1. For ARG88, tell me the accessible area in Å² from a 1.4 Å probe, rounded to the nearest 10.
2. If I fit a long axis through the Cα atoms of helix 29-54 and take the longest principal axis of the Cα atoms of the chain, what angle between them do I get, 0 to 90°, rounded to 10?
3. Top to bottom by accessible area (1.4 Å), largest first, where do MET34, MET1 land?
4. So if R0 is 30 Å, what FRET efficiency would ILE5 and VAL68 give, r being the distance between their Cβ atoms, rounded to the nearest 0.05?
5. What's the angle, to the nearest 10 degrees (0 to 90), between helix 58-88's Cα axis and the longest principal axis of the chain?
6. How much length is gained on full extension from ILE30 to HIS54, taking 0.36 nm per residue of separation minus their Cα-Cα distance?
7. Carbon and sulfur: what percent of the chain's accessible surface (1.4 Å probe)?
8. I need the phi-derived Karplus couplings for the stretch 4-21: 6.51 cos²θ - 1.76 cosθ + 1.60, θ = phi - 60°, integer Hz, Gly and Pro marked x.
Amino acid sequence: MSLPITAYVVLAVVLFALGALTVLLRRNAIIELMGVELMLNAVNLALVAFSRLHGNLTGQVFAFFIIVVAAAEVVIGLSIIVSIFRTRRSTSVDDENLLQH
């Protein structure tokens, strides 16, 4: 039993939209980081689905690189958020104006 490609594409679009809405609407830096991860996973799902449809491994290789970049992004992003939380006691992106002065 195999799902049609449209099911994967619809799921990827829904996941990407939820991630984009999370990034645009929430003010907590950790929640925004989770939204970015959701968008990256939606792109990975679409890449792997189209790769399987066309029968080559290019999309899966790109998905692997996206996973590696996402892991590095999470490590750097969380370290920045923890550093800001230690100094300001808040993870709200509205309070972050360290580079303005």
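The values are calculated or read from the model by the stated rules, or taken from the named source; none is laboratory data. Here the structure is a predicted model, which is why all the values come from computation and not from measurement. We place every Cβ from the backbone using ideal geometry, glycine too, and count neighbours over all the protein chains shown. For the accessible areas, the whole protein counts, side chains as well, though only heavy atoms, and no ligand, DNA or RNA atoms are used. Shrake-Rupley method; radii C 1.70, N 1.55, O 1.52, S 1.80 Å.
1. Per-residue accessible area (ARG88): approximately 100 Å².
2. With rounding to tens, the tilt is 10 degrees.
3. Details: MET34 115, MET1 235 Å².
The ordering from most to least exposed comes out as MET1, MET34.
4. Values: r = 25 Å, r/R0 = 0.85.
The value I calculate is 0.75.
5. Helix 58-88 sits roughly 10 degrees off the main axis of the chain.
6. Additional length available on full extension: 5.0 nm.
7. Working: 5190 of 7150 Å².
With neighbouring chains kept in place, the figure for the chain is 73 percent.
8. Along the stretch 4-21, the couplings run x, 5, 5, 5, 5, 5, 5, 4, 5, 5, 5, 5, 5, 5, 5, x, 5, 5 Hz.
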